[in-house]
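Student: Next up is a structure, given as structure tokens.
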Amino acid sequence: MSALLQPQAPQEAPHSVAAMRARFRDGKTALLERFRESRATALAATHLTKALTRHVDQYLGELWEHAAMPAGATLVAVGGYGRAELFPYSDVDVLVLLPPGMGLDGGSGDESPGLRAAVEGFLHACWDIGLEIGSSVRTIDECVDLSRRDVTVQTALLEARFLCGSRRVYTAFRRACDAVMDPKAFLRAKMLEMRQRHIKYEDTPYSLEPNCKESPGGLRDLQLVIWVARAAGLGRNWTELAARGLITPFEVSQLYKHEGALKLIRARLHLVAGRREDRLVFDLQTAVAESFGYRATKAQRPSEVLMHRYYWAAKAVTQLNQILMLNIEERINGSEEAPMRPIDAHFLDRGGMLEVAHDQLYAEEPHAILRTFLVYQQTPGIKGLSARTLRALYNARNLMGAEFRNDPVNRATFMQILRQPQGITHALRLLNQTSVLGRYLWVFRRIVGRMQHDLFHVYTVDQHILMVVRNVRRFFIPEHAHEYPFCSQLAGQWDEPWLLYVAALFHDVAKGRGGDHSELGAVEARRFCRDHGVSREHSALIEFLVRQHLTMSRIAQKEDLSDVDVIQSFARLVGTPQRLVALYLLTVADIRGTSPKVWNAWKGKLLEDLFRLTMRALGGNPPNVDAEIESRKQEARQLLALHSALPGTEAQLWKTLDVSYFARHDAADIAWHARALWRHLDTAVPVVRARPSSVGDGLQVLVYAPDCSDLFARICGYFDSAGFSIQDAKIHTTHAGFALDTFQVISTRIEPGDPAAYRDLISLVETQAVQALSSRGPLPEPGRGRVSRRVRSFPVTPRVTLNPDERAQRWLLSVSASDRSGLLYAIARVLARHQINLHLAKVSTLGERVEDTFLVDGPALQHARTQLQVESELLDALAPT
């Protein structure tokens, strides 16, 4: 019977064990200090893992000698320790192997006198000297039985390494384990295990906090290749696999290079963390980067340099893992000679995978490199690239130099790829995965694996760009029309979608250089268009889209869309309906491509409102405020009639409202306000009404109360304490001195897509908000809400700008900071303290960064000294905890 033996309560170590503990600790410390002070090279990491293994081997040998183990008992290293690859805080896994006829607890053999005491004494001694080992005690038969039933045990035993004891028993153990190995079953099990592991770790090598051992592209993916090859008798290391013809000499050098980079990062990570830590978490990224000697520049943080290096290695490992696993799978399953269907002179169909006609195709015909992806798009039934094609592309990277990029045939092929009616997204992803895209578009190569630590992008720049291309592409695919019907409707009127694909490819291509990436990207887009024969008209459109790709989002989320001048100014910038449609589609695709959490229905409505208002202005029908307001009033009266309201219900309320109220609210809101308030126009008690939001999740909350300087702060305080996040606020004061404010809020405690949960909250919100607003005591101090680990690691420097509007009547207050609960309330308290009136609030949350804009006025803003004091207090309120 097998037994996992951990020591019982530690016993007082004898003097010799205490001395050994000190020697073991000092020896390990010396090795780690030597590594810490050495240059950050892959060779140094390899030397460290080997040296730590030898160090542990030595002390285990000494302890085994003094343990009085019975004859035939054998100590075997397994797992990573069996590979002779110990990192600073790796597990030390050992197997105490018992010969036939010997066992513990009445297992497969008889327990020999003193066996249990000897084993427990040995394990106690290991822990006493500071060796935190994972141990198992088994006979050969038990190992074989477990190996048959558990692929994890089988994998650990595959890497077994003799330490001390009986060579004869170890050889018998090795032979018995090899005899029960079924390479096909092992391959199948490990492939399934790899897929499950990849899904667990976000199924991408570009995770924000990757596990350098377990994530896709991590060390485990390389170890998997060796395990499967070893199980099939194809080799135990990269050199042996090359000798068997499974990998090329170039691939061997790349494998050692990228494996070394990952080992180095993992070793430094252990050292910085001071514990076994394989995740490059935000808290540690900067410290690990600085241990490499990376320093901050104007364009990049040290952590971004480190992660760029990690992502490049992980991407290469992902490519090599795919090539080698496909190759080994063909060798094990005997499918290398499977029949193939010719596609043309250069390519074949191997069971749905695109296969090159021969290994030297790209060397002899470099034009075939880009044609690979065109054929992939154009050939029905092709679902991927074969191992042979992937390998040929990997080994052809040195062919893709300046001459390749400047070749007119290649430029024409690339434009064909972009103009294909289908397969655009998959082709571009394959181009990037195989590194061909970065080799052909050299400017794209700079942003491959470049992380954006801006608190709302959750993808590297290259992945974000391809996500945006995918989003644009979906607007043109009927099967996806239900996702964003209005975008699909606009896209249906667009004849040349490739123009938007090019704009999407270049919109962020200049990230990480310093300077305005929109301007720099526009220059790169213009150069691409010139080189690829794009017409002047099309080139101007693409350049415009890249340069202005942030503008529409900024205006929609930060400016007052009821202001005619805002719409007219944006219409002049856009110039034509075609440009407006293109910019709208690119903007929606871009926001959706930053993070699943950034896009919401409210942002969608703001963008759509801006689009419709601007399109009307571009159509020669500039906004006529009086006519628009009259139209809204008429529609509101019709809605009131539909709700059986008496004629004239709205009259008394509307007499107290000015033009700006009707300009900022649609007819449905105007009618709702009239229905809710017609009996309460002179109330001294706050009136609060709520209803499900007409735009996505959340509630729309109406507050009507006698106006006072701290009302907005009290409202924010209530929403914060009740777990609501304000998405938008429309603030209005009637001629009678009442505040009529409307808020769009979402609950931080309700999962998206649960409207019933919001309906259940309506009566509670209406009751609690009235109680909170009726309180006349001093405003409570804002709580310093906790910030996330990501915000702690990459804080946004708080910024406050206060500028007069174009008419110099009101002030535009803009704030930017890391998000946290209670932040808006803290801002509102400062405004209330200085009796600053709020007219409009645009609350924009981008991931974990807030960018809020307020339209304000008040006597305090008319004097430079008090204005400076307001700005200073706001900065204090925004400061991270």
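The values are calculated or read from the model by the stated rules, or taken from the named source; none is laboratory data. What you are looking at is a predicted structure, and each value in this text was computed from that prediction instead of being measured. Don't worry about glycine lacking a Cβ; one is built from the backbone with ideal geometry, like all the others, and counts go over all protein chains shown. For the accessible areas, the whole protein counts, side chains as well, though only heavy atoms, and no ligand, DNA or RNA atoms are used. Shrake-Rupley method; radii C 1.70, N 1.55, O 1.52, S 1.80 Å.
Student: Can you name the condition, by its number, that Gly604 falls short on among (1) open to solvent by 20 Å² or more (accessible area, probe 1.4 Å); (2) closer than 24 Å to Phe743 by Cα?
Tutor: If we test Gly604 against (1) open to solvent by 20 Å² or more (accessible area, probe 1.4 Å); (2) closer than 24 Å to Phe743 by Cα, just (1) comes out false.
Student: Determine whether Ser709 is among the hydroxyl-bearing types (Ser, Thr, Tyr) and without any contact (Cβ under 8 Å) to a residue 60 or more places away in the chain. Spell out how you get there, then give the answer.
Tutor: On the way: among the hydroxyl-bearing types (Ser, Thr, Tyr): yes; without any contact (Cβ under 8 Å) to a residue 60 or more places away in the chain: no.
No; evaluated as a whole, the condition is false for this residue.
Student: May I pose another question? For residues that are closer than 14 Å to Glu259 by Cα and in contact (Cβ under 8 Å) with a residue 60 or more places away in the chain, tally how many sit in the stretch 224-239.
Tutor: Counting residues in the stretch 224-239 that are closer than 14 Å to Glu259 by Cα and in contact (Cβ under 8 Å) with a residue 60 or more places away in the chain gives 2.
Student: Quick check on the stretch 287-310. Is at least one of its residues in contact (Cβ under 8 Å) with a residue 40 or more places away in the chain, of a type in the set (A, V, I, L, M, F, W, C), outside any helix (DSSP H, G or I) and within 17 Å of Thr41 (Cβ to Cβ)?
Tutor: Among the residues of the stretch 287-310, at least one is in contact (Cβ under 8 Å) with a residue 40 or more places away in the chain, of a type in the set (A, V, I, L, M, F, W, C), outside any helix (DSSP H, G or I) and within 17 Å of Thr41 (Cβ to Cβ), which makes the answer yes.
Student: OK, next. Within the stretch 542-560, does at least one residue satisfy the condition of being surrounded by fewer than 22 Cβ atoms within 10 Å (Cβ to Cβ), on the phi > 0 side of the Ramachandran plot and not hydrophobic (A, V, I, L, M, F, W, C)?
Tutor: Scanning the stretch 542-560 turns up no residue that is surrounded by fewer than 22 Cβ atoms within 10 Å (Cβ to Cβ), on the phi > 0 side of the Ramachandran plot and not hydrophobic (A, V, I, L, M, F, W, C).
Student: Mind listing just one residue for me: the one in the stretch 653-673 that is assigned to a helix (DSSP H, G or I) and out of contact with any Lys or Arg (no Cβ under 9 Å at 6 or more places or on another chain) and, of those, nearest to Pro755 (Cα to Cα)?
Tutor: Within the stretch 653-673, the match that is nearest to Pro755 (Cα to Cα) is Ala668.
Student: Continuing with the same structure: Given the criterion open to solvent by less than 50 Å² (accessible area, probe 1.4 Å), touching a residue at least 40 places away in the same chain (Cβ under 8 Å) and part of a loop (DSSP other than H, G, I, E, B), identify the matching residue among Val695, Val685. If you could, list the steps in order and put the result at the bottom.
Tutor: Numbers: Val685 fails: open to solvent by less than 50 Å² (accessible area, probe 1.4 Å).
Unique residue meeting the criteria: Val695.
Student: What tally of residues in the stretch 278-294 results from selecting those that are surrounded by fewer than 20 Cβ atoms within 10 Å (Cβ to Cβ) and of a type in the set (S, T, N, Q)?
Tutor: Residues meeting the conditions: 1.
Student: Show me the helices (runs of 4 or more DSSP H) entirely contained within the stretch 508-581 in which 2 or more residues are farther than 28 Å from Tyr459 by Cβ.
Tutor: Working: elements: 517-531, 536-547, 551-558, 564-574.
Helices (runs of 4 or more DSSP H) meeting the threshold: 536-547, 564-574.
Student: Let me ask something additional. Pairs under 9 Å by beta carbon, first residue of a type in the set (Val, Ile, Thr) in the stretch 604-619, partner in a loop (DSSP other than H, G, I, E, B), six or more apart or different chains?
Tutor: Matching pairs, first to second residue: none at all.
Here is a yes/no grid of residues against (1) of a type in the set (Lys, Arg); (2) without any contact (Cβ under 8 Å) to a residue 60 or more places away in the chain; (3) closer than 18 Å to Ala582 by Cα:
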position	(1), (2), (3)
Leu390	no, no, no
Pro408	no, yes, no
Thr413	no, yes, no
Gln422	no, yes, no
Val443	no, no, no
Arg474	yes, yes, yes
Glu479	no, yes, no
His482	no, yes, no
Pro485	no, yes, yes
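Student: Considering Leu361, Leu348, Leu324, Leu385, which residue is more than 34 Å from the chain's Cα centre (by Cα), of a type outside the set (Ser, Thr, Tyr) and at pLDDT below 95? Talk me through it step by step, then tell me what you get.
Tutor: Details: Leu361 fails: at pLDDT below 95; Leu324 fails: more than 34 Å from the chain's Cα centre (by Cα); Leu385 fails: more than 34 Å from the chain's Cα centre (by Cα).
Matching residue, one of Leu361, Leu348, Leu324, Leu385: Leu348.
Student: Among residues belonging to the stretch 840-881 that are among the hydrophobic types (A, V, I, L, M, F, W, C), part of a helix (DSSP H, G or I) and touching a residue at least 60 places away in the same chain (Cβ under 8 Å), point out the one that is most open to solvent (accessible area, probe 1.4 Å). Give the steps one after another, and end with the answer.
Tutor: The initial filter retains those residues of the stretch 840-881 that are among the hydrophobic types (A, V, I, L, M, F, W, C), namely 840-841, 843, 846, 850, 854-856, 860-861, 864, 868, 870, 874-875, 877-879.
Narrowing the set further to residues that are part of a helix (DSSP H, G or I) leaves 860-861, 864, 868, 870, 874-875, 877-878.
From the residues that got through so far, the ones that are touching a residue at least 60 places away in the same chain (Cβ under 8 Å) too are 870, 874-875, 877-878.
On the way: Val870: 3, Leu874: 1, Leu875: 71, Ala877: 14, Leu878: 4 Å².
Checking each candidate, the answer is Leu875.
Student: Just to be sure, is His464 at pLDDT below 95 and assigned to a helix (DSSP H, G or I)? Even if it seems obvious, please write down each step before you answer.
Tutor: Working: at pLDDT below 95: yes; assigned to a helix (DSSP H, G or I): yes.
The answer is yes for His464.
Student: From Lys315, Lys263, Lys298, Lys213, grab the single residue that is of a type in the set (D, E, K, R), open to solvent by less than 40 Å² (accessible area, probe 1.4 Å) and within 30 Å of Gly515 (Cβ to Cβ).
Tutor: Values: Lys263 fails: within 30 Å of Gly515 (Cβ to Cβ); Lys298 fails: open to solvent by less than 40 Å² (accessible area, probe 1.4 Å); Lys213 fails: within 30 Å of Gly515 (Cβ to Cβ).
Residue meeting the stated conditions: Lys315.
Student: Can I ask one more? Could you run through the stretch 717-745 and say how many residues are under 22 Å from Val830 (Cβ atoms) and not in a helix (DSSP H, G or I)?
Tutor: As a first pass, look at the stretch 717-745 and keep what is under 22 Å from Val830 (Cβ atoms): 717-722, 724-733, 739, 741, 743, 745.
Cutting the leftovers down to not in a helix (DSSP H, G or I) gives us 722, 724-733, 739, 741, 743, 745.
Going through the stretch 717-745 one residue at a time, the tally reaches 15.
Student: Now a separate question. What is the number of the single condition among (1) over 20 Å from Leu123 (Cβ atoms); (2) not in a helix (DSSP H, G or I) that Val94 does not meet?
Tutor: For Val94, the failing item is (1).
Student: Could you tell me whether Leu146 is assigned to a helix (DSSP H, G or I), touching a helix residue (DSSP H, G or I) at 6+ places or on another chain (Cβ under 6 Å), in contact (Cβ under 8 Å) with a residue 12 or more places away in the chain and open to solvent by 20 Å² or more (accessible area, probe 1.4 Å)? Walk me through how you get there before you give the answer.
Tutor: Values: assigned to a helix (DSSP H, G or I): yes; touching a helix residue (DSSP H, G or I) at 6+ places or on another chain (Cβ under 6 Å): yes; in contact (Cβ under 8 Å) with a residue 12 or more places away in the chain: yes; open to solvent by 20 Å² or more (accessible area, probe 1.4 Å): yes.
So Leu146 fits the description; yes.
Student: Which ones in the stretch 798-836 are in a loop (DSSP other than H, G, I, E, B) and closer than 15 Å to Arg849 by Cβ? If you could, list the steps in order and put the result at the bottom.
Tutor: The initial filter retains those residues of the stretch 798-836 that are in a loop (DSSP other than H, G, I, E, B), namely 798, 805-810, 819-822, 834-836.
Pro798, Asp819, Arg820, Ser821 - these are the residues of the stretch 798-836 that are in a loop (DSSP other than H, G, I, E, B) and closer than 15 Å to Arg849 by Cβ.
Student: Here's a follow-up. Mind listing whichever residues of the stretch 351-384 are in contact with a strand residue (DSSP E or B) (Cβ under 8 Å, 6 or more places away or on another chain), open to solvent by 40 Å² or more (accessible area, probe 1.4 Å) and farther than 14 Å from Ile424 by Cα?
Tutor: Listed by number, the residues that qualify are Met353, Gly381.
Student: Here's another thing I want to ask about it. Condition check: in contact (Cβ under 8 Å) with a residue 24 or more places away in the chain, over 21 Å from the mean Cα position of the chain (by Cα) and within 23 Å of Asp221 (Cα to Cα). Does Arg279 satisfy that?
Tutor: For Arg279, the condition - in contact (Cβ under 8 Å) with a residue 24 or more places away in the chain, over 21 Å from the mean Cα position of the chain (by Cα) and within 23 Å of Asp221 (Cα to Cα) - is not met.
Student: Scan (1) under 30 Å from Asp495 (Cβ atoms); (2) open to solvent by less than 10 Å² (accessible area, probe 1.4 Å); (3) β-branched (Val, Ile, Thr) for the single condition Thr389 breaks and write down its number.
Tutor: All conditions pass for Thr389, except number (1).
Student: Being open to solvent by less than 20 Å² (accessible area, probe 1.4 Å) and not in a helix (DSSP H, G or I), is that true of even one residue in the stretch 747-758?
Tutor: Applying the first criterion (open to solvent by less than 20 Å² (accessible area, probe 1.4 Å)) to the stretch 747-758 yields 747, 758.
Filter once more, so that each one left must be not in a helix (DSSP H, G or I): 747.
There is at least one residue in the stretch 747-758 that is open to solvent by less than 20 Å² (accessible area, probe 1.4 Å) and not in a helix (DSSP H, G or I).
Student: Consider Leu441 against the criteria (1) over 21 Å from Val472 (Cα atoms); (2) open to solvent by 10 Å² or more (accessible area, probe 1.4 Å); (3) at pLDDT 95 or above: it satisfies all of them except one. Which criterion is unmet?
Tutor: (1)
Student: Hey, another quick one. With respect to Tyr170, determine if the residue is crowded, with 19+ Cβ neighbours inside 10 Å, in contact (Cβ under 8 Å) with a residue 24 or more places away in the chain and more than 30 Å from Met307 (Cα to Cα). Break it down stepwise before answering.
Tutor: Numbers: crowded, with 19+ Cβ neighbours inside 10 Å: yes; in contact (Cβ under 8 Å) with a residue 24 or more places away in the chain: yes; more than 30 Å from Met307 (Cα to Cα): yes.
Yes.
Student: Also, quick follow-up: Of the residues in the stretch 477-492, how many are surrounded by 11 or more Cβ atoms within 10 Å (Cβ to Cβ) and in a loop (DSSP other than H, G, I, E, B)?
Tutor: 5
Student: Okay, moving on. Thr49 passes all but one of (1) under 34 Å from the mean Cα position of the chain (by Cα); (2) at pLDDT 95 or above; (3) not in a helix (DSSP H, G or I); which number fails?
Tutor: Failing condition for Thr49: (3).
Student: Which of the residues belonging to the stretch 149-165 are open to solvent by less than 20 Å² (accessible area, probe 1.4 Å), assigned to a helix (DSSP H, G or I) and either of a type in the set (Ser, Thr, Tyr) or farther than 27 Å from Glu330 by Cβ (or both)? Outline the logic, then answer.
Tutor: First, pick out the residues of the stretch 149-165 that are open to solvent by less than 20 Å² (accessible area, probe 1.4 Å): 155, 157-160.
From what is left, the residues that are assigned to a helix (DSSP H, G or I) are 155, 157-158.
Once the filter is applied, which keeps residues that are open to solvent by less than 20 Å² (accessible area, probe 1.4 Å), assigned to a helix (DSSP H, G or I) and either of a type in the set (Ser, Thr, Tyr) or farther than 27 Å from Glu330 by Cβ (or both), the stretch 149-165 yields only Thr155.
Student: Residues to consider are Arg268, Arg275; find the one that is open to solvent by 20 Å² or more (accessible area, probe 1.4 Å) and not polar (S, T, N, Q).
Tutor: Details: Arg268 fails: open to solvent by 20 Å² or more (accessible area, probe 1.4 Å).
Result of the check over Arg268, Arg275: Arg275.
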